[in-house]
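Visitor: Structure provided below as C-alpha cells; questions to follow.
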Amino acid sequence: MIENCNTKSTGASVEVSGTIPGGRDTTGGGGERGGNGRDTDAAAPDADDECVGALCYRIPITYEVGILRPTLTDVASFAPAGLGLTDEPDGVGIVGMPVNFVVTATTHEQTGELFDLPVTVRFTPDSVVFAYGDGVTRTTADGGRSLSALGLPQFSATPTSHAYAARGTYTASALVRYAAEVDFGSGWVPVPGLLAIPTANATIDVLEARTALVDRTCIEDPAGVGC
C-alpha cells in the first residue's frame with residue numbers, strides 16, 4: 001500500500017511520490033541485535049527483507065505516471081475571444097485608394113484546470129490573415145496600426161491596407177493566429193500548431209471619385225459641375 005502520496009507536475013509530465021512499507025521488526029532478543037540476528041540500527045533493509053510486526057522501514061519512492069501532451073483542442077477553451085476589425089475611413093472606401101485595416105491582438109493568459117491539474121495557458125499573436133472581401137487576402141506579422149498612430153493622412157498605404165479595384169459593397173474579415181503555451185508550475189511548454197480565431201466582419205462601401213476642371217469654385221458657383 002502506498003502512503004503519504006503527493007502529486008506534482010514537472011514541465012509536461014506529472015509525478016507521484018510517496019512511501020511504501022518495507023524492512024523488518026527491530027525488536028526481539030539478542031541484546032543489541034533483533035530477533036532476526038540483524039543490528040537494530042541498520043541503515044536500510046535488504047531487498048528481500050520483509051515487514052514483521054508493527055515496525056516497518058519506510059522507503060521513499062518517486063515515479064512517473066504519465067506525460068501530458070496538450071493539443072490545441074485541449075487548450076481551445078482558454079483562448080481569447082474574437083476581436084473587432086477596424087477600417088479607415090470608417091465604412092467607406094474610394095476605388096483605387098487604400099483602406100487601412102487594423103486588428104488589435106495582444107498576448108492573452110488564463111488560468112484554470114487541465115487534466116485535473118492547475119494550469120496557466122498563454123496565447124501569443126503569431127500572424128494575422130486579412131480577407132478583404134474581393135478575393136484578395138494578405139498575411140501580416142501583426143494586426144497593423146491606425147493611421148493616427150502611424151502619423152499618416154487618410155488613404156495612405158500601410159502594411160495592412162488594401163485598395164479596391166471596383167465600386168461596390170464588400171465584407172472584410174480577418175483571422176488572428178495564436179501560438180499557445182501551457183505552464184503546470186514548472187515552466188512554459190509549447191503546444192504544437194497555431195489556433196486561428198476569426199474577427200468580426202467589417203462592411204465597406206467603395207465609391208468612385210471623379211474630378212473636373214472648372215473655372216470657379218463651388219462657393220463661387222454652387223450650381224457648377226461637381227457641386
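The values are calculated or read from the model by the stated rules, or taken from the named source; none is laboratory data. No experiment lies behind these values; they were computed from the predicted model shown. Every residue, glycine among them, receives a Cβ derived from its backbone with ideal geometry; neighbour counts consider all protein chains shown. We work out accessible area using only protein heavy atoms, side chains counted, and drop any ligands, DNA or RNA first. Shrake-Rupley method; radii C 1.70, N 1.55, O 1.52, S 1.80 Å.
Yes/no matrix, rows are residues, columns are (1) outside any loop (DSSP other than H, G, I, E, B); (2) touching a Cys at 6+ places or on another chain (Cβ under 8 Å); (3) modelled with pLDDT under 95:
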site	(1), (2), (3)
VAL121	yes, no, no
SER156	no, no, yes
THR160	no, no, no
ALA172	yes, no, no
TYR178	yes, no, no
GLU181	yes, no, no
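Visitor: Another question about this same structure. Considering only residues that are touching a residue at least 60 places away in the same chain (Cβ under 8 Å) and either open to solvent by 70 Å² or more (accessible area, probe 1.4 Å) or among the small types (Gly, Ala, Ser) (or both), which ones fall in the stretch 144-183?
Guide: The answer is SER146, GLN154, SER161, ALA163, ALA165, ALA166, ARG167, ALA172, SER173, ALA174, ALA180.
Visitor: Within the stretch 124-143, can you find the residues that are assigned to a loop (DSSP other than H, G, I, E, B) and in contact (Cβ under 8 Å) with a residue 24 or more places away in the chain? Walk me through it before giving the result.
Guide: Pass one, the stretch 124-143, residues assigned to a loop (DSSP other than H, G, I, E, B): 132-136, 141-143.
Across the stretch 124-143, the qualifying residues are TYR132, GLY133, ASP134, VAL136, ASP142, GLY143.
Visitor: Could we say that ALA166 is more than 15 Å from PRO89 (Cα to Cα), of a type in the set (A, V, I, L, M) and over 22 Å from the mean Cα position of the chain (by Cα) here? Lay out the reasoning, then the answer.
Guide: On the way: more than 15 Å from PRO89 (Cα to Cα): yes; of a type in the set (A, V, I, L, M): yes; over 22 Å from the mean Cα position of the chain (by Cα): yes.
Criteria met by ALA166.
Visitor: Sticking with this one: Anything in the stretch 184-203 that is among the hydrophobic types (A, V, I, L, M, F, W, C), open to solvent by less than 30 Å² (accessible area, probe 1.4 Å) and within 16 Å of TYR132 (Cβ to Cβ)? List them, or say none.
Guide: Start the filter on the stretch 184-203 by keeping residues that are among the hydrophobic types (A, V, I, L, M, F, W, C), which leaves 184, 188-189, 191, 194-197, 200, 202.
Restricting the remaining residues to those that are open to solvent by less than 30 Å² (accessible area, probe 1.4 Å) gives 184, 191, 197, 202.
Passing the criteria: only ALA202.
Visitor: Just to verify a result, which residue in the stretch 107-119, among those that are without any contact (Cβ under 8 Å) to a residue 24 or more places away in the chain and part of a strand (DSSP E or B), is surrounded by the most Cβ atoms within 10 Å (Cβ to Cβ)?
Guide: GLU109
Visitor: Output yes when any residue across the stretch 87-102 is outside any loop (DSSP other than H, G, I, E, B), open to solvent by 50 Å² or more (accessible area, probe 1.4 Å), in contact (Cβ under 8 Å) with a residue 40 or more places away in the chain and within 30 Å of ASP183 (Cα to Cα), and no when none is. First the steps, then the outcome.
Guide: Here is the first cut: in the stretch 87-102, the residues outside any loop (DSSP other than H, G, I, E, B) are 87-88, 92-94, 98-102.
With open to solvent by 50 Å² or more (accessible area, probe 1.4 Å) added as a condition, the list becomes 92.
Checking the rest, the ones that are also in contact (Cβ under 8 Å) with a residue 40 or more places away in the chain come to 92.
Still in the list and also within 30 Å of ASP183 (Cα to Cα): none.
No: zero hits.
Visitor: From (1) open to solvent by 60 Å² or more (accessible area, probe 1.4 Å); (2) hydrophobic (A, V, I, L, M, F, W, C); (3) at pLDDT 95 or above, pick out the condition that doesn't hold for ALA131.
Guide: (1)
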